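Okay, so here's the structure we're looking at.
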Amino acid sequence: MARITMREAISQALWEEMERDPSVFILGEEVGVWGGTYAVTKGFYDHFGPERVRDTPIAEAAIIGAAIGAALTGLRPVAELMTINFAFSAMDHIVNQAAKLHYMFGGQMILPLVIRAVGGGGRQLGATHSQTPDAIFAHFPGLKVVAPGTPADAKGMLKAAIRSQDPVLFIEHATLYQTRGEVPEGDYIVPLGKSTIQREGRHVTIVTYSKMLEISTKAADQLAKEGIEAEIVDLRSLRPLDMAPVLESFKKTNRAVIVEEGWRSYGVGAEVASRIYEEAFDYVDAPIKRVAQAEVPLPYNRTLEQMALPQVEDVIQAVKEVL
């Protein structure tokens, strides 16, 4: 084990997979000479060379289109989008080509493609650069969507994504790069599509993922001081969505709070709540609460931005309401 940052864990996974498999290559804006907007690929260009670390124009449709073509011809591209907000410029390629080609051609084509994208708010980047549209992409069958909340999961899931035969959207939260955690060294793999219990508890189930895992953990720490034991289920993957740990926890606690950074309407929380009601209705002792971002474009002003984003106090209030 080594205690490293999320940034280092992601970089480590990329480096190890590129050393292991010569068909893996990186492409994106400023990934090469500059070393990546968030310094994840710093040093890669000098070590692996321009053939495997390719700087691209500022053209997301071209980046994803080229990555799809490369995957179809036997390579394993890792395409970086500077922010998930720019994925909308490549929406047709992502949801109409990458997600569907394997199915539409009867399995004759495989797309071992990873799209790395930075999501989330909290860095004062304005409404068009701070969105959490995870649920939009998770809506489409054929595309795997994952969003790790710990450095260990970031490393293990990225390595699994690169080895996957399916296209994977790998979402990295912008404010988690400096988060530190224990990460296994060497060939460490975390299977995609598996939720996990991050904290044991018996009074209420908190379902969350990505940045909101950090917020939920802080809330659980404060609640514990009042004798309230919250169990935290980290989804980690939005498609496929593993509800088994969620339902198992809910049947124990009979109460749930779902915490997401995206907007409440039509979001991840709505899907999880519906599944709980459908599959564990007899265990419901209180209405399921959802904690999410305010229904506004995220403000630029720091104070207003923090007011709009889910905070520890919001989770605590929701937990106390269901109790």
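The values are calculated or read from the model by the stated rules, or taken from the named source; none is laboratory data. Remember, it's a predicted structure, so these values are computed and weren't measured experimentally. Every residue, glycine as well, gets a Cβ built from its backbone with ideal geometry; the counts of neighbours run over all protein chains shown. What goes into the accessible areas is simple: the full protein's heavy atoms, side chains included, and nothing from ligands, DNA or RNA. Shrake-Rupley method; radii C 1.70, N 1.55, O 1.52, S 1.80 Å.
Can you run the Rg to Rh ratio on segment 2-183? Use alpha carbon positions and the Kirkwood inverse-distance Rh. All intermediate terms of the calculation are to be shown ahead of the outcome.
Values: Rg = 15.1 Å, Rh = 16.1 Å.
Ratio of gyration radius to Kirkwood radius: 0.94.
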Query raised in the report: Taking +1 at the Cβ of each Lys and Arg and -1 at the Cβ of each Asp and Glu, which of Gln306, Val207, Ala219 sits farthest along the dipole of segment 196-322 towards its positive end, judged by Cα position relative to the Cα centre?
Result: Gln306
Report summary line: Check: C-alpha center segment 67-110 vs C-alpha center segment 148-224, spacing in Å is 24
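What percent does the relative contact order of segment 196-322 come to when contacts are Cα pairs within less than 8 Å and at least six residues apart? Can you show the working numbers first?
Working: 225 pairs, mean separation 35.3, N = 127.
After rounding, I find 28 percent.
Run lengths n ≥ 4 of DSSP H only: what is the helix-derived mean residue ellipticity at 222 nm for the chain, with -39500 (n - 2.57) per run over all residues, to the nearest 500? The partial results should precede the final answer.
Details: 11 runs with 109 residues, N = 323.
Taking each H run of at least 4 residues, the total per residue is -10000 deg cm²/dmol.
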Query raised in the report: How far is helix 151-163 tilted, in degrees, relative to the longest principal axis of the Cα atoms in the chain, given as a value from 0 to 90 rounded to the nearest 10?
Result: 50
Report task. Specify the angular offset, from 0 to 90 degrees and rounded to the nearest 10, of the alpha carbon long axis of helix 312-322 from the longest principal axis of the alpha carbons in the chain. Result -> 50
Report task. Just the number, please: carbon plus sulfur as a percent of the accessible area of segment 196-322, 1.4 Å probe, no ligands or DNA/RNA counted. Result -> 48
Query raised in the report: Once amide H atoms are placed 1.01 Å from N in the peptide plane, what residues at a sequence separation of 5 or more from Met82, or on another chain, have their amide H within under 5 Å of its amide H?
Result: Glu29
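Let me know the charge dipole size of segment 1-119 about its Cα centre in debye, to the nearest 20, where only the beta-carbon of Lys, Arg (+1) and Asp, Glu (-1) is charged. Kindly include the intermediate steps, with their values, before the conclusion.
Details: 9 positive and 13 negative charges, 51 e Å.
Computed charge dipole of segment 1-119: roughly 240 debye.
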Query raised in the report: Roughly speaking, to the nearest percent, how much of segment 2-183's 1.4 Å accessible area is carbon and sulfur?
Result: 58
Query raised in the report: Once amide H atoms are placed 1.01 Å from N in the peptide plane, what residues at a sequence separation of 5 or more from Ile26, or on another chain, have their amide H within under 5 Å of its amide H?
Result: Val53, Arg54, Val78
Query raised in the report: Residue by residue through segment 275-289, which ³J(HN,Hα) values in whole Hz follow from phi under the Karplus form 6.51 cos²θ - 1.76 cosθ + 1.60 (θ = phi - 60°), with glycine and proline marked x?
Result: 5, 5, 4, 6, 9, 9, 4, 5, 9, 6, 10, 7, x, 6, 9
Query raised in the report: To the nearest 20 debye, what is the magnitude of the charge dipole of the chain about its Cα centre, counting +1 on the Cβ of each Lys and Arg and -1 on the Cβ of each Asp and Glu?
Result: 80
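Could you work out the Rg to Rh ratio of the chain, with Rh taken as the Kirkwood radius (inverse of the mean 1/r over all Cα pairs)? It would help to have the intermediate numbers written out before the result.
On the way: Rg = 19.4 Å, Rh = 20.0 Å.
A ratio of 0.97.
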Report summary line: The long-range amide H neighbours of Leu238, using H built 1.01 Å from N in the peptide plane and a cut-off of under 5 Å, are Val145, Val146, Ala147
Query raised in the report: How large is the accessible surface per residue of the chain, computed with a 1.4 Å probe and reported in Å² as a whole number?
Result: 43
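Once the piece of chain linking Leu323 and Ile110 is laid out straight, how much longer is it, given 0.36 nm per residue of separation minus the C-alpha distance between them? Numbers along the way, then the final one.
Values: separation 213, 0.36 × 213 = 76.68 nm, distance 4.79 nm.
Net length gain for the segment: 71.9 nm.
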Report summary line: Computed over the chain: longest principal axis from alpha-carbon atoms vs helix 244-253 long axis, angle to nearest 10 degrees, is 20
Query raised in the report: Going 7 Å from the Cα of Ala286 in the Cα-to-Cβ direction, what parts of segment 204-220 have a backbone nitrogen less than 15 Å from that spot?
Result: 204-207, 220
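Excluding Lys218 itself, what net charge comes from residues whose Cβ is under 13 Å from its Cβ, given Lys and Arg +1 and Asp and Glu -1?
Working: positive: Arg199, Lys211, Lys225; negative: Glu214, Asp221, Glu313, Asp314.
So the environment of Lys218 carries a net charge of -1.
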**Report entry** Net dipole in debye of segment 139-225 [+1 Lys, Arg Cβ; -1 Asp, Glu Cβ; about Cα centre; nearest 20]
**Finding:** 200
Query raised in the report: Residue-wise, which Karplus ³J(HN,Hα) couplings in Hz belong to segment 103-111, taking 6.51 cos²θ - 1.76 cosθ + 1.60, θ = phi - 60°, and x for glycine or proline?
Result: 5, 5, 9, x, x, 6, 10, 10, 10
**Report entry** Which of Ala9, Val31, Gly65, positive extreme of dipole for segment 1-96 (C-beta unit charges)
**Finding:** Ala9
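Once the piece of chain linking Ala2 and Ala294 is laid out straight, how much longer is it, given 0.36 nm per residue of separation minus the C-alpha distance between them?
On the way: separation 292, 0.36 × 292 = 105.12 nm, distance 3.72 nm.
Gain on extension, Ala2 to Ala294, equals 101.4 nm.
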